[in-house]
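Student: Dropping a structure here in structure tokens format, bear with me for questions.
Values in this text are rule-based calculations from the coordinates and carry no lab data. Predicted model only: the values in this text are computed from it and were never measured. All Cβ positions, even for glycine, are placed from backbone atoms using ideal geometry, and neighbour counts span all protein chains on display.
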Amino acid sequence: MPGDNPVVASYLSVAAEDLDAARRLSAEPINRMAAFHLQQAAEKLVKALLLHRGVTTTAEHRIAVLLDGLEPSDPWRRRLAPLDRLTPFATTYRYPTPGGRLKPGPDAAILTAEVAELEVLHRDLAAELLR
């Protein structure tokens with residue numbers, strides 16, 4: 001049965017944990033690492049879907065590259081494609097520039113909107129994959 005894959009369930013579980021971390025780090029005082037957890041949640045949602053569809057996942061982090069593993073007609077591919085905007089969040093705010101500057105993270109409004117969107121996607125994807 002499709003909903004019986006414990007690895008898919010685990011990916012969805014850790015995606016929820018990343019969303020929780022992003023939500024908490026988006027509260028004042030904002031921690032720029034919230035952006036990283038948003039990207040991680042998006043990546044894990046895509047990987048859960050790939051595994052559910054029988055596609056082997058890799059250590060790849062770029063959302064668009066991961067989505068290339070889905071059939072072009074898969075309705076989730078179109079729905080998740082906009083999440084590629086979060087791919088830069090994997091590294092942009094985690095490391096200093098070559099000159100040692102730390103980039104400020106996105107503002108609270110952006111973080112809050114991203115968390116809300118990912119929570120809806122997580123809920124809908126879990127409802128489909130864990131039936």
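Student: Could you check which residue among R78, R62, R32 shows the biggest mean-square fluctuation in a GNM of the chain with a 10 Å Cα cutoff?
Tutor: R78
Student: Could you put I30, I63 in order, starting from the residue whose Cβ has the fewest other Cβ atoms within 10 Å? Spell out each step's value before the answer.
Tutor: Working: I30 16, I63 22.
Listing I30, I63 from fewest to most nearby Cβ atoms yields I30, I63.
Student: Now, a different point. Checking the a/c ratio against 1.5 first, then a/b against b/c, what shape does the Cα gyration tensor give for region 40-89?
Tutor: Details: a/c = 1.81, a/b = 1.23, b/c = 1.48.
Oblate, because a/c is 1.5 or more while a/b does not exceed b/c.
Student: Of A48, A59, V7, which is farthest along the charge dipole of region 2-129 in the positive direction, counting Lys and Arg as +1 and Asp and Glu as -1 at C-beta?
Tutor: Working it through, the farthest residue towards the positive pole turns out to be A59.
Student: Based only on other Cβ atoms within 10 Å, what is the fewest-to-most ordering of H122, H61?
Tutor: Values: H122 20, H61 15.
The most exposed by this proxy come first: H61, H122.
Student: Please report, in debye to the nearest 20, how large the charge dipole of the chain is about its Cα centre when each Lys and Arg carries +1 at its beta carbon and each Asp and Glu carries -1 there. Walk me through the intermediate numbers first.
Tutor: On the way: 16 positive and 17 negative charges, 65 e Å.
Approximately 320 debye in magnitude.
Student: On to the next question. Normalized C-alpha radius of gyration of the chain, against 2.2 N^0.38 Å?
Tutor: Working: Rg = 15.0 Å, N = 131, 2.2 N^0.38 = 14.0 Å.
The reported ratio for this selection is 1.07.
Student: For the chain, set up a GNM with springs between Cα atoms under 10 Å and report which of P29, P106, P98 has the largest fluctuation.
Tutor: Result for the chain, Cα springs under 10 Å: P98 fluctuates most.
Student: Mind running the shape call on region 66-112? Use the C-alpha gyration tensor, a ≥ b ≥ c as the square roots of the eigenvalues: rounded below 1.5 for a/c, prolate if a/b tops b/c, oblate otherwise. Can you show the working numbers first?
Tutor: Working: a/c = 6.21, a/b = 2.11, b/c = 2.95.
Oblate shape, in that a/c is at least 1.5 and b/c is the bigger or equal ratio.
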